[in-house]
1. Could you pull out which residues in the stretch 107-130 have an amide N less than 12 Å from a spot 7 Å beyond the Cα of His48, following the Cα-Cβ vector?
2. What value, in deg cm²/dmol to 500, does the helix sum -39500 (n - 2.57) over DSSP H runs of n ≥ 4 give at 222 nm once divided by the residues of the chain?
3. Are there GluC sites (Glu not before Pro) in the stretch 1-71 that DSSP puts in a loop and that have at most 16 other Cβ atoms within 10 Å, and which ones?
4. Within a 10 angstrom radius of the beta carbon, how do His46, His134, His126 rank from fewest other beta carbons to most?
5. Using Stokes-Einstein with the Kirkwood hydrodynamic radius over Cα pairs, what translational diffusion coefficient do you get for the stretch 97-159 at 10 °C and a viscosity of 1.306 mPa s, in µm²/s rounded to a whole number?
6. Can you list the residues, at least 5 places off or on another chain, whose amide H is less than 5 Å from the amide H of Asp40, using H built in the peptide plane?
7. How would you rank Asp2, Asp153, Asp88, going from fewest to most other Cβ atoms within 10 Å of each one's own Cβ?
8. Please report how far the C-alpha centroid of the stretch 10-63 lies from that of the stretch 124-142, rounded to the nearest whole angstrom.
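Here, each number is a calculation from the coordinates, and none is a lab measurement. Quick caveat: nothing in here was measured; it's all calculated off a predicted structure. We place every Cβ from the backbone using ideal geometry, glycine too, and count neighbours over all the protein chains shown.
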Amino acid sequence: MDQFAIQYDWIKRTRETLFEYCETMSPSDYVKELESFAGDSICSLHAHVAGCYRVWMGKRALGKSLPKITPESITTVQDMRELFKETDELVEEFLNEFEGNWDQTVQVSFASGHSMQFTSLWLFTHPITHEFHHKGQIVKIGRQLGYVPPETDLIELDE
């Protein structure tokens, strides 16, 4: 198995811990918008993370036409789990496409008219680091709402 597939498996397992944490919350707290987080909710941050994978890996790297995720269309942790199943399939497709070619560049055009080249390794790394950034925010919001989070850092997990 490719090292990046193993790494992504660790990320999925860490995400599962976060989902289990979110399932301890009331449904209204999962979608509660907090001014201290610019009006974001845990649900909207989760949707934003999935959208990042779609844009960078799906649209830009694989050339797929994928619908934009709207937080309003996802209101429960179970809905979010389903969205991330699709995300996992997209990442698997990305990993299969670029396996062994992590220095391959992909030309990316932006709405502004600018374009840049990114390596496939960068296109893999960016959504992951982005997810972990927002995972920290999700845990912080949960704390503000009175929920004690479990350990969600990427740690060595039992097989």
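1. The answer is 130.
2. Details: 5 runs with 83 residues, N = 159.
Using -39500 (n - 2.57) per qualifying helix, the result is -17500 deg cm²/dmol.
3. Numbers: sites: Glu16, Glu20, Glu23, Glu33, Glu35; in loops: Glu23, Glu33.
Qualifying residues, ordered by number: Glu23, Glu33.
4. Details: His46 28, His134 19, His126 16.
Arranged by neighbour count, lowest to highest, His46, His134, His126 become His126, His134, His46.
5. Numbers: Rh = 14.8 Å.
Diffusion coefficient, whole number: 107 µm²/s.
6. Excluding prolines and chain starts, which carry no amide H, the hits are Leu34.
7. Starting with the residue having the fewest Cβ neighbours, the order is Asp153, Asp2, Asp88.
8. First find each Cα centre; the distance between them is then 8 Å.
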